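Some notes on the structure that comes next.
The values are calculated or read from the model by the stated rules, or taken from the named source; none is laboratory data. Being a predicted model, the structure only gives us computed values, none of them experimental. All Cβ positions, glycine included, derive from the backbone under ideal geometry; neighbour counts span all protein chains shown. Heads up: the accessible areas ignore ligands, DNA and RNA and are worked out on the full protein's heavy atoms, side chains in. Shrake-Rupley method; radii C 1.70, N 1.55, O 1.52, S 1.80 Å.
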Amino acid sequence: MNIYSFSPFGYEGALVNVEVDLRRGIPAIDIVGLADSAVKESRERMQAAIRNCGFDFPLERVLISLSPADLKKEGAGFDLAIALAVLAANAESKGESSFISEPLLVMGELELSGKIRPIKGVHAAADTAVANGIRKCIVPELNADEAREVSGMAVYGADSLQNAVYALKEEGFFTEQTSRLEGQLTIPKNCVCVDGVIFPEVSEGFEYEQVKGQYQLIRALEIAACGGHNLLAAGAPGCGKTMAIQKFPVINPLLSLEEAQSVTRIWSLAGLIKPSQPLVRIPPFRTPHQTSSIEGICGGGVHCRPGEVSLAHKGVLFLDEAAEFRTSVLQMLRVPIEKGSITLSRAGRVTCYPANFQLFMAVNPCPCGNYGSKSKICLCSAKSLEQYWKKFSAPLLDRIDLRIFVDSEENTDLQAEDTKRQTLKSSADIQKAIAKGINFMKKRQGSKKNAKLLPEELSAYCIQTEESKQLLSKATERYSFSPRAISSCIKTARTIADLDESQKIEAAHMQEAIDLHKLCTSLVPEL
């Protein structure tokens, strides 16, 4: 008898082997293996469910072992596995053949009536089980589609203990996802395919034609969507920076099947999977509140739950009014931005969550919000302005490729430049431009985004003209760019060149990249 359940801790989790021994003695139920209160209470739920479903509960002394013994087991997801293990042991004690002949993953919480309640972490459990050679599982009916998204797993979604037992006696109850092949291009509902790149459909409230005058910000968002760059938008309150950024999901391409698996695993552990969308294909767009703690952003707690940086994996973490976040929270972002992952340590155990996200920040240019405005007077002192921007620190800002100053009034110069460059306006047109840039980028370097290029890859993929090199050299001297800032300008210029389908980075591409990166240097000289 090989019945396994799953103990979620951090990103990895662990399989738990459920064993049952029936022995002579006063009828009782003992559970060993570092079980918490919720697991120990499963004795009563499991016993009532077995009897209410019409099965015989063994009259012997029942010993339930959850191994490995040194791993703490928590939650009510072990109920169904324990009940099936008890029934299988009871059948064997009567000389009947066991109805469990191969390794099986079982998860679910039992009601006293025998009904099975949905739980979280099913996708992560199925993924871990497949990696350990387990190919069949029984999970709650509402979690069945979530488990079927794991390739190679045959799933039965049970609504009651009685049906779960019957399913084990009939192979036909277990079904595997066969409609989706690995790597096959599928277009989910409410999505469109633009030149081979899938985007969400442009719905009401996500049309960039509604954003009047902010052409430079929309251009920066277009570059960010194509190359995966981080972005900072500074501007007066009410200028439209937050509205424009919140429309970003419509121009952000859908995740590939490989990317969707890791995102779905994280969301499954957090209990955020919807039955209607068992596989997360739309990139996450997380907007935590300014009062969020370090644990809320980076993850942690007793069970090492994923934080916002992990829930935004392969998507966007948007900090609106970023200056209102705690300084410690902002500085904590530097490591996951650089590494693409975050390591958490709790109670002697360590877990590593993926955290490969784009950081978007919207911020006022000063405490009063009027610094840099042409029509309003800033009343902030130089000291308060310096303290305001020190919350971000130069190392954090250095990791932001695109820095935009969003003006509240229309700028005729920007409009003239916009007309000259024929900058796209509608969301559908922006999707076409991004799809063109992504396809051009993929031909050169595969699925790797420009923002994630390693230093040793820049010389191979980011070929510059002499004029482009001279521009960057002059900008480095004028603005005192750090080596990271220089690399950032090259990557951004590479994305701009991709949007123009240019093999080399021309002077115009580099100039635009420099203009998009120099904001904080010119806005706040102290940094």
Study note, to complete from the structure: Judged on accessible area alone, 1.4 Å probe, highest first, PHE57, PHE392 line up as PHE57, PHE392
Check your understanding: Is there a pair in LYS212/LYS443; LYS189/LYS491; LYS212/LYS241 whose C-alpha atoms are over 23 Å apart, and which pairs would that be?
Key -> LYS212/LYS443; LYS189/LYS491
Practice item. Please work out how much accessible surface HIS313 shows to a 1.4 Å probe, ignoring ligands, DNA and RNA, in Å² rounded to 10. Key: 10 Å²
Practice item. Report in % the part of the accessible area of the chain that belongs to carbon and sulfur, leaving out ligands and nucleic acids; probe 1.4 Å. Key: 49 percent
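Just the accessible area per residue of region 164-299, please: how many Å² with a 1.4 Å probe?
44 Å²
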Check your understanding: For LYS72, which lysines qualify as cross-link partners when the Cα separation must be under 29 Å and same-chain residues fewer than eight apart are set aside?
Key -> LYS40, LYS115, LYS120, LYS136, LYS274
Study note, to complete from the structure: Rounded to one decimal in nm, the spacing of the 7 Å Cα→Cβ label points at GLN387 and ARG399 is 2.6 nm
Revision key, fill the gap. Computed from the beta carbon distance with a Förster radius of 22 Å, FRET efficiency for GLU321 and LEU379 to the nearest 0.05 stands at 0.70
Point to revise | Label assignment, Cα extents along the principal axes in Å derived from the structure, set (1) 70, 66, 43; (2) 87, 48, 43; (3) 81, 68, 38 | key: (2)
Practice item. Please identify every one of the GluC sites (Glu not before Pro) in region 189-260 that sits in a loop by DSSP and has no more than 10 other beta carbons within 10 Å of its own beta carbon. Key: GLU204
Check your understanding: Treating the beta-carbon of each Lys and Arg as +1 and of each Asp and Glu as -1, no other charges, what is the dipole magnitude of region 193-300 about its Cα centre, to the nearest 20 debye?
Key -> 260 debye
Check your understanding: Given Cα pairs under 8 Å that are at least 6 residues apart, what percent is the relative contact order of region 324-377?
Key -> 22 percent
Exercise for review: Loop only per DSSP, at most 14 neighbouring Cβ atoms within 10 Å: give me the trypsin sites (Lys or Arg not before Pro) in region 313-377, ordered by residue number.
Suggested key: LYS374, LYS376
Study note, to complete from the structure: Long-range amide H partners of ALA158, meaning residues 5 or more apart or on another chain whose placed amide H is closer than 5 Å, are VAL139, GLU141
Exercise for review: For region 45-106, state which trypsin sites (Lys or Arg not before Pro) are in a DSSP loop and have at most 13 other beta carbons lying within 10 Å of their beta carbon.
Suggested key: LYS94
Review point. When ligands, DNA and RNA are left out and all protein chains stay put, how many square angstrom of accessible area per residue does region 300-419 have with a 1.4 Å probe?
Key: 43 Å²
Revision key, fill the gap. Protection proxy (average C-beta count within 10 Å per residue), highest first, orders 21-29, 150-158, 123-131 as 123-131, 150-158, 21-29
Exercise for review: Report, ordered by chain and residue number, the lysines lying within cross-link reach of LYS383, taken as a straight Cα distance under 18 Å and ignoring same-chain residues fewer than 8 apart.
Suggested key: LYS391
**Study point:** Eligible lysines near LYS390 by straight Cα distance, threshold 20 Å, same-chain separation 8 or greater
**Key:** LYS518
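Counting Lys and Arg as +1 and Asp and Glu as -1, each charge on the Cβ, what is the dipole of the chain about the Cα centre in debye, to the nearest 20?
860 debye
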Check your understanding: Probe 1.4 Å, all protein chains in place: accessible area of THR343 in Å², nearest 10?
Key -> 80 Å²
Study note, to complete from the structure: Judged on accessible area alone, 1.4 Å probe, highest first, SER426, SER93 line up as SER93, SER426
